Amino acid sequence: MACELCGSRGQLFTSIIEGVKLNVCGNCSSHGKVISQISNYNKANVIKPRNRDFVINDIILKQGYGELIRISREKLSLKQDELAAKLSIKESLLKGLENNRIEPSIELAKRLELFLGIKIIEEVKLNSSIGHVNKVSIFTIGDLIKKDK
Ligand SMILES: [Zn+2]
């Protein structure tokens, strides 16, 4: 893995830079807010399904979100730098989004959806077998807490 901004290799950090989640080196992470340190040896620790209300919710980016952003921008007769300015993001970031090279954070994706009137993220609910196991344990803990009150 290499830094998504400058390409240097080494210790990477998951950081929010200008509303975008990126895996960057220590130098580049100083431009944003570090969420977590990435272990190159155990990537599984970084991606964990979140459990909420007995269902695993996940937000996925639609395939071809870059084209959607570009086409909607062109419909509004906005140049890349103009749209970037309206969204308070860097032009290079918008270019990356339109090339499907950079994935927007959920927050930025929602702003893009609102501004452009498009749908680029979907919330999926998965009732997997893992979800079922968690459902039992969450229910038990929740039940105990209720009884304590
Ligand atoms: Zn870097």
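The values are calculated or read from the model by the stated rules, or taken from the named source; none is laboratory data. Keep in mind that this is a model prediction, so the values were computed, not measured. So basically every Cβ, Gly included, is an ideal-geometry build from the backbone, and we count neighbours across all protein chains shown.
Some points to look at:
- Selected residue (criterion: surrounded by the most Cβ atoms within 10 Å (Cβ to Cβ)) from residues of the range 103-120 that are in contact with a Gly (Cβ under 8 Å, 6 or more places away or on another chain) and assigned to a loop (DSSP other than H, G, I, E, B): P104
- The single residue among E122, E113, E98 that is of a type outside the set (K, R), at pLDDT 80 or above and closer than 27 Å to C25 by Cα turns out to be E98.
- Residue count, the range 58-80 (criterion: within 11 Å of L116 (Cβ to Cβ) and in a loop (DSSP other than H, G, I, E, B)): 2
- Taking the listed residues N40, N51, the one that is more than 14 Å from the ligand (Cβ to nearest atom), modelled with pLDDT under 85 and part of a loop (DSSP other than H, G, I, E, B) is N40, with no other qualifying.
- Any hit, the range 16-25, residues being farther than 18 Å from L93 by Cβ, within 9 Å of the ligand (Cβ to nearest atom) and at pLDDT 85 or above: no
- Matching residues in the range 2-24 - criterion: being out of contact with any Phe, Trp or Tyr (no Cβ under 8 Å at 6 or more places or on another chain), hydrophobic (A, V, I, L, M, F, W, C) and either assigned to a strand (DSSP E or B) or farther than 16 Å from I35 by Cβ (or both): A2, C6, L12, F13, I16, I17, V20, L22
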